[in-house]
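Peer 1: Structure incoming, see below.
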Amino acid sequence: MREWLTTEGSLTARLMAHSETFRVRRLHQNPALCLADEARAIGLPRPGRVWEREVLLECDGRPRVFGHTVVPASCTASDWPLFSALGERSLGTTLFYDPLVRRGQLEYARIRAGHPLMGRVRAALGEAHESVRDDTVYYARRCVYRRHQGLLLVTEVFLPSVLDLKPTRTQQNTK
């Protein structure tokens with residue numbers, strides 16, 4: 001999993017290079033309260049109102065990564081102009097190709113039963129979550145991005161099936 005977790009460039013680009021078909025399945029995007037550790041990461045004194053977006057990144061019809069993004073409600077449209085209109089498009093395509101976006105340090109964690117994101121992952125997977133036992137551990141990473149005065153926190157939870165991905169023939173032929 002280390003190779004996936006430590007990808008420096010766009011995770012979207014890497015997933016696309018490892019699949020024939022790639023899809024962002026938006027689960028929701030709406031106002032919410034952030035978690036305490038998220039509040040600290042985005043400069044809030046305590047958990048507060050944020051815009052929250054959750055997606056599943058799917059390769060060849062299977063979920064591979066659960067994405068959870070929070071943006072402080074105080075951010076303006078000029079801070080993150082495309083965030084509200086992403087729909088089923090990848091946030092990564094915006095973040096990595098905008099010269100005004102600055103990426104912070106990657107942070108890593110193991111997500112276990114009881115962690116607030118574990119319940120969200122299970123809900124996102126629907127029926128498939130029944131195969132996830134209580135002792136299942138998911139690996140995750142998160143990073144704060146800055147654009148103008150706006151902060152955006154992206155957390156990516158890597159599902160075990162990401163390890164099944166291999167570079168596509170097109171990708172293999174370019175090496």
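The values are calculated or read from the model by the stated rules, or taken from the named source; none is laboratory data. The model shown is predicted, which means the values in this text are computed figures rather than measured ones. Neighbour counts run over all protein chains shown; Cβ positions are idealised from the backbone, glycine included.
Peer 1: Please specify each residue of the stretch 20-34 satisfying the condition of being within 14 Å of PRO63 (Cα to Cα) and either assigned to a strand (DSSP E or B) or basic (Lys, Arg) (or both).
Peer 2: If the condition is that a residue be within 14 Å of PRO63 (Cα to Cα) and either assigned to a strand (DSSP E or B) or basic (Lys, Arg) (or both), then PHE22, ARG23, VAL24, ARG25, ARG26, LEU27 are the ones that fit.
Peer 1: Picking from GLY114, GLY150, GLY126, which residue would you name as being farther than 13 Å from HIS68 by Cβ, at pLDDT below 95 and touching a Cys at 6+ places or on another chain (Cβ under 6 Å)?
Peer 2: Details: GLY114 fails: touching a Cys at 6+ places or on another chain (Cβ under 6 Å); GLY126 fails: touching a Cys at 6+ places or on another chain (Cβ under 6 Å).
Answer to the selection: GLY150.
Peer 1: A follow-up question, please. Out of LEU44, LEU57, LEU27, I need the residue that is touching a helix residue (DSSP H, G or I) at 6+ places or on another chain (Cβ under 7 Å) and crowded, with 17+ Cβ neighbours inside 10 Å. Which one? If you could, list the steps in order and put the result at the bottom.
Peer 2: On the way: LEU44 fails: touching a helix residue (DSSP H, G or I) at 6+ places or on another chain (Cβ under 7 Å); LEU27 fails: crowded, with 17+ Cβ neighbours inside 10 Å.
LEU57 is the lone residue from the list that is touching a helix residue (DSSP H, G or I) at 6+ places or on another chain (Cβ under 7 Å) and crowded, with 17+ Cβ neighbours inside 10 Å.
Peer 1: Cβ-Cβ below 6 Å, separation at least six or inter-chain, first residue in the stretch 103-123 and without any contact (Cβ under 8 Å) to a residue 24 or more places away in the chain, second among the hydrophobic types (A, V, I, L, M, F, W, C) and crowded, with 16+ Cβ neighbours inside 10 Å: which pairs?
Peer 2: MET118/ILE111
Peer 1: Please go through the stretch 66-79 and pick out each residue that is crowded, with 19+ Cβ neighbours inside 10 Å and within 18 Å of VAL144 (Cβ to Cβ). Spell out how you get there, then give the answer.
Peer 2: Our first condition is that a residue be crowded, with 19+ Cβ neighbours inside 10 Å; within the stretch 66-79, this holds for 66-72, 75.
Those that are crowded, with 19+ Cβ neighbours inside 10 Å and within 18 Å of VAL144 (Cβ to Cβ): GLY67, HIS68, THR69, VAL70, VAL71, PRO72, CYS75.
Peer 1: So which residues in the stretch 19-33 are in contact (Cβ under 8 Å) with a residue 60 or more places away in the chain and under 17 Å from the mean Cα position of the chain (by Cα)? Let's see the steps before the verdict.
Peer 2: First pass over the stretch 19-33, keeping only residues in contact (Cβ under 8 Å) with a residue 60 or more places away in the chain: 19-20, 23-27.
Selection gives ARG23, VAL24, ARG25, ARG26, LEU27.
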